[in-house]
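S.K.: I'd like to ask some things about the structure below.
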Amino acid sequence: LRPGGEPLAAPETEREAALLHAMVSLPGPYRRTLLLHDGVGLGLAETAAETEATDPAARNRLRHARAAVAERL
């Protein structure tokens with residue numbers, strides 16, 4: 001659901017569905033880190049602060065999340 005309770009649109013292509021499945025399958029901290037950094041565009045320090053992690057921990061989560069998504073796609 002989107003903020004306000006509005007449902008998300010269904011994926012229109014197989015690629016969108018695969019990406020959605022890959023993102024949902026990530027552990028929560030990895031998914032949040034990836035979305036904040038690569039999706040929203042926060043810097044590493046801001047992402048780490050937002051996820052209550054150290055910079056090295058956020059960097060590690062980001063690396064593992066990207067690898068997991070790439071593997072699933």
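The values are calculated or read from the model by the stated rules, or taken from the named source; none is laboratory data. Every value quoted in this text rests on a predicted model; they were computed, and no experiment measured them. All Cβ positions, glycine included, derive from the backbone under ideal geometry; neighbour counts span all protein chains shown. Areas reflect the complete protein model, heavy atoms only, side chains present, ligands, DNA and RNA absent. Shrake-Rupley method; radii C 1.70, N 1.55, O 1.52, S 1.80 Å.
S.K.: Within region 24-66, how many residues turn out to be more than 23 Å from residue 8 (Cα to Cα) and modelled with pLDDT under 95?
M.R.: Residues meeting the conditions: 0.
S.K.: Oh, and also: Among all residue pairs at least 6 apart or on different chains, which show Cβ distances below 7 Å where the first residue, located in region 39-60, is open to solvent by 60 Å² or more (accessible area, probe 1.4 Å) and the second is part of a loop (DSSP other than H, G, I, E, B)?
M.R.: Cβ pairs passing all conditions: 50/42.
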